[in-house]
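S.K.: Got a structure for you, written out below as structure tokens; questions coming shortly.
Here, each number is a calculation from the coordinates, and none is a lab measurement. Note that this is a predicted model, so its numbers are computed, not measured. Because the Cβ atoms are built from the backbone with ideal geometry, glycine has one as well, and the counts that use them run over all protein chains shown.
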Amino acid sequence: MSTRADQLHALDDVSGHRESLWSKAVYKFRRDRAGMWSLAVVLVYMVVAIGVIFGWWATSWAELEGGKWEAPSADHWFGTNIIGQDIFDRAIYSTRTSFEVGLVVAVLATALGGVLGALAGFFSGSWIDELIIWIMGVLDSIPFILFVAAIAYSLGDTPYAMHIAMIATFWITAGRLIRGEVIKLRGQEYVEAAHAIGVPEVVIIFRHILPNTSHILLVQATITFVAAIKSEVILSFLGIGVKEGMSWGLMIAESTREVLAGFFNNFLAASALLFGLVMAFNMFSDALQDALDPRTVAGE
């Protein structure tokens, strides 16, 4: 029969094993050239977004600085739009919008999914599990665009309606993944040891089980980040996304009239920056997923 000291030692072994896996994952990711290059591109976009936040550049994105549809020049690198606003400044400013939406939605949706998924998995088969699964099914059955429109209407067209709708939708995938993982983890020896020494269930979930799903949460957060950016562009294009400021979706919406007149600068600037960020983050997410795969990390 195991003693209390043996049970505490089992919990310490799990913590040490988790730290070892993370160090191996970092080493593996650093050896992935595509992953490192994609991370560098993402960091460049992040620096651009931070610079916009602190007012280092793109401060005149809303000012009328030129004439109608001016060609690219030293003063206006991407030219101007139909009312004389600098397209380059507007495209750079939109990077801030994308990062703000992506980070807020990714962090909150993943955290919500992790907590609810852990509760559902730990209490699998109980009314808590059934309630959370029912909520997932209900939210998953509502078309995303209609859900955003309904929230925007109910909240009085608040600028945060889009964020709320995304968080309420994107947590479901993380919740299902974590629920399945927690169902497997709750039968492990270290969980039984924690039960045996009288550790409260809440502490077991949030201190001993949930940290062992961090690799899943991290990868899911990167996937949600990209999904949030693409959704923001679509929603802003449709007029139910960004209400204040500027985004690539609004620029593409503006370009629908300009393209018919043979002016493509707005469309190309927004599309190119959007493609670069999404492509880089997808590659980063794939490399991160490979590095954090417990099967490959544990085998090295």
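S.K.: Send over the per residue convex hull volume for the stretch 142-249, Cα only, as a whole number of Å³.
M.R.: Spelled out: Cα convex hull of the stretch 142-249, divided by residues, is 119 Å³.
S.K.: I've got another one for you. Which longest uninterrupted range of the chain lacks any trypsin sites (Lys or Arg not before Pro) assigned by DSSP to a loop state (not H, G, I, E or B) and surrounded by at most 12 other Cβ atoms within 10 Å?
M.R.: Answer - 69-300.
S.K.: A follow-up question, please. Using Stokes-Einstein with the Kirkwood hydrodynamic radius over Cα pairs, what translational diffusion coefficient do you get for the chain at 25 °C and a viscosity of 0.890 mPa s, in µm²/s rounded to a whole number?
M.R.: Estimated via Stokes-Einstein, D reaches 113 µm²/s.
S.K.: Here's a follow-up. Find the Cα radius of gyration of the stretch 35-83, compare it with 2.2 N^0.38 Å by division, and give the number to two decimals.
M.R.: With N residues counted in the stretch 35-83, Rg over 2.2 N^0.38 Å equals 1.49.
S.K.: With the chain treated as a Gaussian network of Cα nodes joined by springs under 10 Å, which of Trp171, Trp37, Trp61 yields the largest mean-square fluctuation?
M.R.: Result: Trp37 has the largest fluctuation of those listed.
S.K.: Using a Gaussian network for the chain with springs between C-alpha atoms less than 10 Å apart, which of these wobbles most: Leu274, Leu177, Leu131?
M.R.: The residue that fluctuates most here is Leu131.
S.K.: Please list the radius of gyration and Dmax for the stretch 24-163, considering alpha-carbon atoms only, with Å as the unit.
M.R.: 21.8, 66
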